[in-house]
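Reading through the structure tokens given below for one structure.
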Amino acid sequence: MRRGLVIVLFVLVVLSCGCTAFAGPFADVPANHWAYAAISKLESAGIIDGVAAGQFQGDKLVTRYEMAQIVAKAIENSKRADAENNVLINKLAVEFAQELKTLGVRVSALETKVDNVKFTGEVRMRYTNLDANNKKSDENSNSYLDLWVNARINDTWVAKAELESVKGQDGSGADNQGNATKIFATGPACGGTLTLGKFDPFGAYGLVIDDNISGGMYEFGKKFKTRLAFGKLNAGTLGSPHIDFDSDARYIDNAAGSKYTLAEMGYAISPTTNIKAAYHSVGLTAAAQNSTIISDLDKNVSYYEGGFDSKIGANWGFLATASKSDIDVVGQDNKGYFAQLQYKAAVKDKPGSYGVFYNYRKIPTLSEIDSTWDYSHGIKGNQVGVEYVPMINSKITAFYLNGKLVDNDKAIKVYRAQVEFLF
């Protein structure tokens, strides 16, 4: 196959130059023609490959057009070539410039197909030390893989899947072992963006929900943005306290499969300031309505969320958000809030960049479904941290959280350090 390719390319070049014939396996092609050595070198370097078996067999004539197809492959793979081989590719491209121009659309289509599927994600190593009511634990120390598969369906629609895997420091597994935690397609529709499948709606600033639903979401608007989503919840509980924290807080269990609705509006007040408001409704399953933790619940529970973010000057940023549910339990709060001040930021493609942040949160279990903020479930307290980019596509983060449980004031301290490698 590879030998045959060399012969074909050589014959094509010679025919295009009008060379005289000679006897032997390279009929009509002089053995000392410059193209033979060039093609042989590109073939040996693996730059020209993938020619369909039998394409140039039998009595079929080899045309300049067919030669241009192979040269197009060499051009497509030119990133593999060193400077010397790129000179050879350019020389062949000049010889077949007209045919390559004719092939322009087909070459573009080929390049689109090659780039049709892309992989992105991160590898993260994390160490966490928890001190909850004088009980220490490092159970949340782990290694984590987050892999995104992005496949182009057509010029405007994309299919995406997220695969996650976690391993504890002691080698134990965690909830996700290479499972596809998200699978959805997204693209333009009727002047907006439609998403269908299993995805994270991430309402407003994530204070109420950062978990998956199976359903659909429609987004539209530019300066005034609206998002509408409906589906079934993935979360098994609504606002469960952290397992390590010996909390007395009550919450809703058996919630997986409950019907979830989101209506969110956002408005850009200025180029540096945005406001968002969201309404979340959960139609509970029969099992959730008769939860063993909270009984006699209404069929529908609601959460209200609002907040804003603003960039202050060149280096500062501020975010504040609050939430409230209509779940009433004697002795428990159903209102939560979170505020963060940030100085600079760690930008993954800027080595040496860094950020410093401080935040305060009070997030009772009844004020959220599954909040995005680390150690948010039923906790109030202060957090301070720093993030740093030592090299491109990497980040080191460390923080300290000093807090208490909302329901019983038991002390909570969390120390974390982690390193992320992004690709």
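Throughout, read-outs are computed from the coordinates displayed, never taken from laboratory work. Source: prediction; values computed, not measured. Neighbour counts are summed over all protein chains in view; Cβ atoms, including those assigned to glycine, are modelled from backbone coordinates with ideal geometry.
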Self-check item: Full-stretch length increase - ASP328, ASN290 - with 0.36 nm per residue and alpha-carbon distance subtracted
Solution: 12.2 nm
Quiz item: Can you pull the semi-axes for the range 223-345, root of five times each eigenvalue of the Cα gyration tensor, sorted largest first, whole Å?
Solution: 32, 18, 12
Quiz item: For labels at LYS350 and LYS167 in the simple 7 Å Cα→Cβ model, what's the distance in nm?
Solution: 3.5 nm
Quiz item: If we count every other residue with Cβ under 14 angstrom of LYS362's Cβ, Lys/Arg +1 and Asp/Glu -1, where does the sum land?
Solution: +1
Quiz item: Hey, what do the phi angles of the range 81-87 turn into as Karplus ³J(HN,Hα) couplings, whole Hz, using 6.51/-1.76/1.60 and θ = phi - 60°, x for Gly and Pro?
Solution: 7, 7, 4, 5, 6, 5, 4
Self-check item: Per residue Cα convex hull volume in Å³ - calculated over the range 288-380
Solution: 122 Å³
Exercise. For each pair in LYS324/LYS348; LYS225/LYS348; LYS198/LYS404; LYS299/LYS324; LYS223/LYS348; LYS118/LYS198, compute the distance between the two Cα atoms and list the pairs where it is over 24 Å.
Key: LYS324/LYS348; LYS225/LYS348; LYS198/LYS404; LYS223/LYS348
Quiz item: How far apart, in nm, are the 7 Å Cα→Cβ label points at ALA263 and VAL384?
Solution: 4.3 nm
Quiz prompt | the range 120-233: mean projected area of Cα convex hull, nm² | solution = 9.6 nm²
Quiz item: Given H placed 1.01 Å from N in the peptide plane, which residues other than close sequence neighbours of SER258 have an amide H under 5 Å from its amide H?
Solution: LEU233, THR285
Exercise. Give the residues of the range 323-347 whose amide nitrogen is closer than 17 Å to a point set 7 Å from the Cα of ILE392 in the direction of its Cβ.
Key: 347
Quiz item: For the range 328-423, what is the charge dipole size about the Cα centre, in debye to the nearest 20, if Lys and Arg each add +1 at the Cβ and Asp and Glu each add -1 at the Cβ?
Solution: 360 debye
Self-check item: Computed lengthening from SER78 to ASN179, 0.36 nm per intervening residue step minus Cα-Cα distance
Solution: 32.7 nm
Self-check item: Fully extended contour minus Cα-Cα distance, from LYS232 to ASN150, at 0.36 nm per residue
Solution: 27.2 nm
